[in-house]
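Asker: Sharing a structure with you now.
FYI, it's all coordinate maths here, none of it is from the lab. Bear in mind that the values here come from a model prediction, so they are computed numbers and not experimental data. Glycine also receives a Cβ, built like all others from the backbone with ideal geometry; neighbour counts cover every protein chain displayed.
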Amino acid sequence: MPATPAQPKIGTILVPTDFSAEAQNAIDYAQALLRESEGTLHLVYVHEIDYVYVMPTVMTVPPVQMTEDMTRAHEEQLKQIAARCSATQTHTKSGRAFDGICKTAAEIGADLIIISTHGNTGLKHLFLGSTTERVVQHAPCPVLVVREQEREFVANAPDEQPVHIGRILVPVDFSECSWHGLNYALEFAKARGASVVLLHVVQLVPFMPGDRFGAYEAMPGREVLEGAAREQMQKVEQETDFGGVPHETKVVIGRPADEICRCAEQLRADLVIIPTHGRTGLVHVLIGSTAEHVVRYAHCPVLVVPHRESRSSQAG
C-alpha cells in the first residue's frame, strides 16, 4: 500500500558554496524557489584542511593563526554573497566538505539542500566520489543537484515564472522506498502545477547456471517480464491518489540508471525526483547506486529524496 505522503516543505534551504561560478547556480535556483514560497536561505562554506607534513624551518606563521585568518576571510566573503542574495544566515565550518554540509543541514533543520556539481567523470571520480555524491549519500533531507547548463530553468526576469518545472520524471521500482519518492514527487508537482511521468525500468538479468546444475526451466522471457511490470504499474495507478496531478506511465527495458537519464532527455523533463535508500559502505563505494548515476549524468536537475528504513524493520 502507498506510504503516507512526505510533505515537500521548502521552508529552510541550505546552499553550500565554494565561491565558484557553479556554486552561484545553486544560489540562483534557491532564490527562484523561495520566490514562490515563504522560506529562509542559509549559506555554508566548509574549509577543507589538507593535512600535510611541513618542515619546522619552513613554517614561519603558526598554523592556528593561519587557520583563524583564513576563517575570517571566508566569513567575510560569505557575508558579501549573503548580502547580494538576501540569505538569512551564513555558516563557516572546517573539515570534510560533505560532513560539514550534512551536519549544518541537521543543525538548522533544513528542508532542502541545493548543491551544484561539476559533473566530473572518470576513474578517479569513480573511486573517490565527489562532495555532491557524498552529500546525496548522507544528507538528512532531500538534495537538489543542479549544473551550469540548468540555468535555463531559472527565470531571469521578475515577471517570469520563478522556476520552470512543467514535467517531472519519477522512477519507480514498486518498493517501499519507491512509494516514498512517488508521494513526495506528487506533493511537489501539485504545489507547482506540474505533471509527472512514472517510469519503471525492467532490468534483464542473465541466468547463468553453475557447473553442476542444468537449467531445467527457462527464465521468463522479455515479453513476460515487461507484461508483469505493466500490470504492476497499473496497480500503482489504481492505488495512488494523484490529487489531480496530470500523470502518465512508461515501462522500458534496460539498465535503470541509463534509461532514467535517456528518458529524462527524450521527454524534456525539467526535474527528476528519485528516492534513495542512503546505503553506504564498501559495497556502495564499489558498485554505486542508481540515484548517484542519475545525479552524475542527467541533463536536468535531480532531486534525491532519502528514505532510510527504521531500525525495527532493519532488524527484521
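Asker: For L112, what residues show an amide H to amide H distance below 5 Å, using hydrogens built from the backbone and excluding near sequence neighbours?
Answerer: Amide H neighbours of L112, under 5 Å, 5+ apart: T12, L14.
Asker: What FRET efficiency, computed as 1/(1 + (r/R0)^6) with R0 = 51 Å and r the Cβ-Cβ distance, is obtained for T40 and H299, rounded to the nearest 0.05?
Answerer: The calculated FRET efficiency here is 0.95.
Asker: Counting other beta carbons within 10 Å of each residue's own, what order do L186, L267 fall into, fewest first?
Answerer: Lowest to highest Cβ neighbour count: L267, L186.
Asker: Rank these for me by crowding, R192, R262, going from fewest to most other beta carbons within 10 Å.
Answerer: R262, R192
Asker: Can you compute 3J(HN,Hα) from phi for each residue in the range 34-47, using the Karplus curve 6.51 cos²θ - 1.76 cosθ + 1.60 with θ = phi - 60°, rounded to whole Hz and x for Gly and Pro?
Answerer: The phi angles translate into 6, 5, 9, 7, 6, x, 10, 10, 10, 10, 9, 10, 10, 8 Hz.
Asker: Run the numbers for C85 and F174: contour at 0.36 nm per residue of separation, minus the present Cα-Cα distance, in nm.
Answerer: 28.0 nm
Asker: Any chance you could run the full-extension gain for A73 through R230? It's 0.36 nm times the residue separation minus the Cα-Cα distance, nm to one decimal.
Answerer: 50.8 nm
Asker: While we're here: Pull up all non-local amide H partners of H247: gap of 5 or more, or a different chain, and H-to-H distance under 5 Å with H placed in the peptide plane.
Answerer: Result for H247 returns V196.
Asker: Test of understanding: ordering E133, E265 by Cβ neighbours within 10 Å, fewest first, what list do you get?
Answerer: Listed from fewest to most nearby Cβ atoms, that is E265, E133.
Asker: Check which residues have an amide H placed less than 5 Å from K93's amide H, if you skip close sequence neighbours.
Answerer: Under 5 Å from the amide H of K93 lie the amide H atoms of Y45, V46, H47, each far enough along the sequence or on another chain.
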